[in-house]
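Colleague: This is the structure I want to talk about, given as C-alpha cells.
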Protein chains: 2
Amino acid sequence: MTEIPLKIFLEESELPRQWHNLKAEMKNKPELFKSPKDLSDVPPEALEGLFCKELVEQEYNLTDKYIDIPDGVREFYKTFRPSPLIRARFLEKELDTPAKIYYKFEGTNTSGSHKLNSAAPQVYYAKQQGLTSLTTETGAGQWGTALAMACAFYGMPLTVYMVKVSSEQKPYRKAVIETYGAKLVASPSETTEIGRKILRENPGTGGSLGCAISEAIEAAMKTEGCRYVLGSVLNHVVLHQSIIGLETYKACEKYDIHPDIVIGCAGGGSNLGGLISPFMADKINGKLNARFIAVEPSSCPSLTRGKWAYDFGDTGKTTPLMRMYTLGSSFIPSPSHSGGLRYHGMSPIVSQLYHDGLMEAQSYDQTKVFDAAILFARSEGTLPAPESSHAIRAAINEAIKCKETGEEKTILFGLTGTGYFDMSAYIAYNNQSMSDYIPTDADLQAGFSSLVF
Amino acid sequence: MTEIPLKIFLEESELPRQWHNLKAEMKNKPELFKSPKDLSDVPPEALEGLFCKELVEQEYNLTDKYIDIPDGVREFYKTFRPSPLIRARFLEKELDTPAKIYYKFEGTNTSGSHKLNSAAPQVYYAKQQGLTSLTTETGAGQWGTALAMACAFYGMPLTVYMVKVSSEQKPYRKAVIETYGAKLVASPSETTEIGRKILRENPGTGGSLGCAISEAIEAAMKTEGCRYVLGSVLNHVVLHQSIIGLETYKACEKYDIHPDIVIGCAGGGSNLGGLISPFMADKINGKLNARFIAVEPSSCPSLTRGKWAYDFGDTGKTTPLMRMYTLGSSFIPSPSHSGGLRYHGMSPIVSQLYHDGLMEAQSYDQTKVFDAAILFARSEGTLPAPESSHAIRAAINEAIKCKETGEEKTILFGLTGTGYFDMSAYIAYNNQSMSDYIPTDADLQAGFSSLVF
C-alpha cells in the first residue's frame, strides 16, 4: 500500500454525489415534528410557508438512504471541498501515545466552519424555488457568515438577525457578514413586532438567540417570497452535513484506516450527525464495532444532564415540538466562549441514537477544553475554534488512556472549524481570566419545568 | 488529458525537495551588502553575530541553482503544504472574460499568509545551530504570527517586538501570537536602550516598524545564543519563498497550463520573488515569453516612483546598505490598511529584475484594491488579505483587457493570504470611510535626500 500522506485530500472527482440520509438506516426513527397542542403529527405542508419546500421534504424523508446533491451545489462545494483528513502526528508525538489520531478539518473556508456545507444547498434550493430573499439568525456568527457567503455565491438577498451583544463583541464577524453583502440587523430591533415589544419591555437588553430566531421567523413570514433558514438541529441540516462523514469514510477506505473511536463536538448536533453518518450506519448494520462520543460543554449539557422529552426549538416557543434531549427551551445557558454550542436541545437524530445506546456523551469545562486547544495549536499548527476544541479534549483524553494501556487505537475526530474571528476566548485564556460555568441542579430543574414527557 | 480540477493539490510526495535560488539564474546578480562607510563589500562573517549562519550562507550564495530543503523543514511544510493552485472560474464568469485566471493560495495555514514558508526554515536552522532564542519585529502581524507558530513547532523561545499602535489596533493578532507561546513586547518599550531613548524623546509615540526592528536587533545582539530573524526583503527569504513558485510550476506542467502573465503584490518582495522564481528562470533562459507584474500600493510606491540606489534596510540606519529600488529609509508611508506592504525598499532580487526590464510594476489606490477584494470574496468565496488584493486588482484589470481584445490569456497571480485577523480594513470599506493616501513629489524628495546612488 502507498504511504499515507499527513493530509489526505480526496480528488475532486471523488467528491460525493449524494448525501447520506442516516434516518433511513436507523431502526428506531427520530420522531418528526409534533403539535404543541396535542402531540399530533405536523404535516410537512404546514411547514412550507416557513421553510423551503425541498428542505421540508428532506426533513421528513425516512426511507431513502441516499439523496442526490444537485450539480449546482456540487459546483459550490468544489470551492472548499473535499476537505482534508489529517493525521495528528505531532499531537501524538507530544502526547507520546501509541494511538493514531485523525481529524477531519472543516475550517479551510472563509466562514471557518462546517456550516457552509448546509448553507450551500439551503440557498441553492431557495433560488430554485424562485424565492427572492432569506432570513436567519446568528449568535456566535459562524452560521451567519456561512449563509452570507452562500447568498453572495448564488445571488440571494439575506437579512441576518445577530444577537445584539454578539454583534458588538464580535465586530469582525459582523464585518465579514456585511462584506459578503448580507444585511445585518442587531437583535432585538425596531424592524419587527416582537423586537419592538422586547425593546419596550427591556430597553437595554443585549438580546438572545431565542429573540433573534423569533425576529427572523417573523420577518420571513411577513415578506413575500421570503423564507427562514436554520443552520443546525434539523434533520435536513444533518443530511447536508453527511458530506463530512462520506468524505471521511471514503478516505478511510482508500488508506485502510479503521476508526475505533469517533468523536465530535455537539451543540445542535449537525456536525456530529454528519461526521458519524456512514460509520454509524455500519454500526447499526453490525459491520463496525466502534465507539461514538458526543462532546458538549458542561455549561450546556443537553445529553449528559438533559431530559428525553418533547420540546420547542426556540425560546419563544413558536416552533412545533421535537423529541430530543433538552435542557428546556426556557433554559438560558451561562455565557461561555463556545457560542456555537449554547443550544438547549440536541438534534432529534443524535438524541435518538444516544437514547438507543448507540452513542456515548461526555461534557467538559471550558478551561480544560482550552488547555487542549492550546496543546493542539502549538503541535498541529491550526488554531481551533472553541467549539471544535471540545472534540480535541475528548480525543486527547482517549489518546492518554491508550498510553496507559498500551493500546494502538485509531481515534477519529471532527475539527469543525477555526477560531480566527473568535479570539476573545483565547485572550481570556491567555490572561487567565477564563472561568467555568456549570449549571446547578436547581438551574436545570427550572428549565425542565415546562417539558412534555 | 484529465480534466483540470478547480483546486489543484499536488501530492505530498510532489512537495519540492529543494528551494530554487533565483540569484544563480540571473545574468546581472543582485548586489550583496555594502558598507555604509565606503560601499565596500560586507563579508558574510560580519553578519553571523546577527543572523543564523546557514541563512547568511544562503544570502550570499550566487551560484547554486538549487538548495536542499532539510527533512526537518519538509516535515513542518507538510502540515500546510502543498498549497492549492485554484482556477478562479467564478471570478472569470463574473467578469465575463475569455481569460483563464489561476491563483496560488498561501492562506490555508493559521498565520494566514506565505510568511510561514520562511519562518519554518529560519527557526529550524537556529535550532540546528544550537541557538536558544530569537527576536523579531512585526507590524501588520503576519510575520509575527508565522514565526510564533514555527517557534512553537520547533520549541524555540521567541520575543516579538510589535509596533505599539498595531498591538493596540489588532488585539486578535496579539492574541494569536501569544497563544503560540511567544513573548510579545509593544514597541517602543522599556526593555531596550533604543526603546527607552525613544520613549524619553516621544513619550506618547505609537511606535514604528523602524523602531521595532532596532529594538529586536538590540535585544538579539545583547543576548547570549540569540539571533534576529527577518521575514522579507533578504535573499534567503526569497529563496525559501521559491517553494510557492516551484509548486505552481509543477502544477502548471502537470495540467499543461501556460501563464502569459504572472502577477504578485510587492511589499518587501519575498512573496513575489518566490512565486516568479522558476518562471523567471525560464524567461531569462529564453524558454518563456510571459509578462511579470509587481503590484504595489500607491501609498508606498518603491518600484513605480522610487530610486535605484544604495540604502539602509531600516529607519534607524543600523543595517548595511542594499542596492534596491527605495523611497529612502527615512520615508514614512502614510497609514494604509496593507501594513505588510508599507516598506520603503524592495528586495534586491526583485529590484534587479525590474531594473533589467524583466518585470513591470503597477501601483493602485487602496479603494480600487478593495473594490477588487470584495468582488473576489463574493465570487470565489475566500476573503483576501488587503495586501494580496493588490494582485487581485491587477489580475482583474488584465482580465478586463482580455474581454476587450478577445484574447484568451492565462493569468496567474499569488494570493498571499487571508484578511481574517485584519478586518478593520473591511470595516472602513463597508462604512465608506476608507480614503487613499498618495505621497506628493515633495514627500518623496524628502525620503530621497539621504540616498547613495
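Colleague: Can you pull out the residues in segment B:375-398 that are facing chain A (nearest Cβ under 10 Å) and buried (at least 20 other Cβ atoms within 10 Å of the Cβ)?
Modeller: Hits for segment B:375-398 are B:ALA377, B:ARG378, B:GLU380, B:GLY381, B:THR382, B:LEU383, B:PRO384.
Colleague: Take the conditions within 14 Å of chain B (Cβ to nearest Cβ) and either touching a strand residue (DSSP E or B) at 6+ places or on another chain (Cβ under 6 Å) or among the polar types (S, T, N, Q) (or both) and apply them to A:ILE4. Does it pass?
Modeller: On the way: within 14 Å of chain B (Cβ to nearest Cβ): yes; either touching a strand residue (DSSP E or B) at 6+ places or on another chain (Cβ under 6 Å) or among the polar types (S, T, N, Q) (or both): no.
Answer is no for this residue.
Colleague: A follow-up question, please. With respect to A:LEU451, determine if the residue is within 14 Å of another protein chain (Cβ to nearest Cβ), more than 26 Å from A:HIS258 (Cβ to Cβ) and touching a strand residue (DSSP E or B) at 6+ places or on another chain (Cβ under 7 Å). Before the answer, list the steps.
Modeller: On the way: within 14 Å of another protein chain (Cβ to nearest Cβ): no; more than 26 Å from A:HIS258 (Cβ to Cβ): yes; touching a strand residue (DSSP E or B) at 6+ places or on another chain (Cβ under 7 Å): yes.
Answer is no for this residue.
Colleague: Conditions first: (1) surrounded by 14 or more Cβ atoms within 10 Å (Cβ to Cβ); (2) more than 29 Å from A:ARG74 (Cβ to Cβ). A:LEU32 passes all but one, so which condition is the exception?
Modeller: Unmet condition: (2).
Colleague: Looking at segment B:132-141, is at least one residue surrounded by 24 or more Cβ atoms within 10 Å (Cβ to Cβ) and within 14 Å of chain A (Cβ to nearest Cβ)?
Modeller: Scanning segment B:132-141 turns up at least one residue that is surrounded by 24 or more Cβ atoms within 10 Å (Cβ to Cβ) and within 14 Å of chain A (Cβ to nearest Cβ).
Colleague: Please work out which one of (1) surrounded by fewer than 24 Cβ atoms within 10 Å (Cβ to Cβ); (2) within 14 Å of another protein chain (Cβ to nearest Cβ); (3) at pLDDT 95 or above is the condition B:GLN128 fails and give its number.
Modeller: With (1) surrounded by fewer than 24 Cβ atoms within 10 Å (Cβ to Cβ); (2) within 14 Å of another protein chain (Cβ to nearest Cβ); (3) at pLDDT 95 or above applied to B:GLN128, the lone miss is (2).
Colleague: Continuing with this model, one more query. Please give the number of the condition A:ALA150 fails out of (1) surrounded by fewer than 24 Cβ atoms within 10 Å (Cβ to Cβ); (2) in a helix (DSSP H, G or I); (3) at the interface with another protein chain (Cβ under 10 Å from one of its Cβ atoms).
Modeller: (1)
Colleague: Here is a further query. Note down all Cβ pairs under 7 Å where the first residue falls in segment A:418-433 and is facing chain B (nearest Cβ under 9 Å), the second is surrounded by fewer than 18 Cβ atoms within 10 Å (Cβ to Cβ), and they're at least six residues apart or on different chains.
Modeller: A:SER424/A:GLN169; A:ILE427/B:PRO171
Colleague: Going through segment B:88-105 one residue at a time, which ones are under 23 Å from the mean Cα position of the chain (by Cα) and either within 13 Å of chain A (Cβ to nearest Cβ) or of a type in the set (S, T, N, Q) (or both)?
Modeller: Listed by number, the residues that qualify are B:ALA88, B:TYR103, B:PHE105.
Colleague: In segment B:153-184, which residue that is in a helix (DSSP H, G or I) and of a type in the set (Gly, Ala, Ser) is nearest to A:GLN169 (Cα to Cα)? Don't jump to the end; show me each part of the working.
Modeller: Of segment B:153-184, the ones in a helix (DSSP H, G or I) are B:153-154, B:164-169, B:171-179.
From what is left, the residues that are of a type in the set (Gly, Ala, Ser) are B:166-167, B:175.
Details: B:SER166: 20, B:SER167: 18, B:ALA175: 16 Å.
The qualifying residue nearest to A:GLN169 (Cα to Cα) is B:ALA175.
Colleague: Follow-up. Does segment B:99-115 contain any residue that is farther than 19 Å from B:LEU272 by Cα, in contact (Cβ under 8 Å) with a residue 40 or more places away in the chain and among the hydrophobic types (A, V, I, L, M, F, W, C)? Working first, answer last.
Modeller: Taking segment B:99-115 first, the residues farther than 19 Å from B:LEU272 by Cα are B:99-100, B:110.
Still in the running and in contact (Cβ under 8 Å) with a residue 40 or more places away in the chain: B:99-100, B:110.
Going one step further and asking which of them are among the hydrophobic types (A, V, I, L, M, F, W, C), we end up with B:99.
Scanning segment B:99-115 turns up at least one residue that is farther than 19 Å from B:LEU272 by Cα, in contact (Cβ under 8 Å) with a residue 40 or more places away in the chain and among the hydrophobic types (A, V, I, L, M, F, W, C).
Colleague: Identify the residue in segment A:12-55 that is within 27 Å of A:ALA281 (Cα to Cα) and without any contact (Cβ under 8 Å) to a residue 12 or more places away in the chain and, among all such residues, is nearest to the other protein chains (Cβ to nearest Cβ).
Modeller: The selected residue is A:SER13.
Colleague: Find all pairs meeting these conditions: Cβ atoms under 6 angstrom apart; at least six residues apart or on different chains; first residue within segment B:170-183 and more than 7 Å from chain A (Cβ to nearest Cβ); second residue in a loop (DSSP other than H, G, I, E, B).
Modeller: Note: pairs meeting the criteria are B:LYS170/B:GLY141; B:ARG173/B:GLY141; B:ARG173/B:PHE421.
Colleague: From the list B:VAL42, B:VAL56, which residue is at pLDDT 95 or above, of a type in the set (A, V, I, L, M) and over 21 Å from the mean Cα position of the chain (by Cα)?
Modeller: Values: B:VAL56 fails: over 21 Å from the mean Cα position of the chain (by Cα).
The conditions single out B:VAL42.
Colleague: Would you confirm whether any residue within segment B:417-426 is of a type in the set (D, E, K, R) and surrounded by fewer than 21 Cβ atoms within 10 Å (Cβ to Cβ)?
Modeller: The initial filter retains those residues of segment B:417-426 that are of a type in the set (D, E, K, R), namely B:422.
Those left that are additionally surrounded by fewer than 21 Cβ atoms within 10 Å (Cβ to Cβ): none.
No, segment B:417-426 has no match at all.
The values are calculated or read from the model by the stated rules, or taken from the named source; none is laboratory data. For clarity, every value in this text was computed on a predicted model and none was experimentally measured. When we count neighbours, we look across all protein chains shown, and the Cβ atoms used for this are built from the backbone with ideal geometry, even at glycine.
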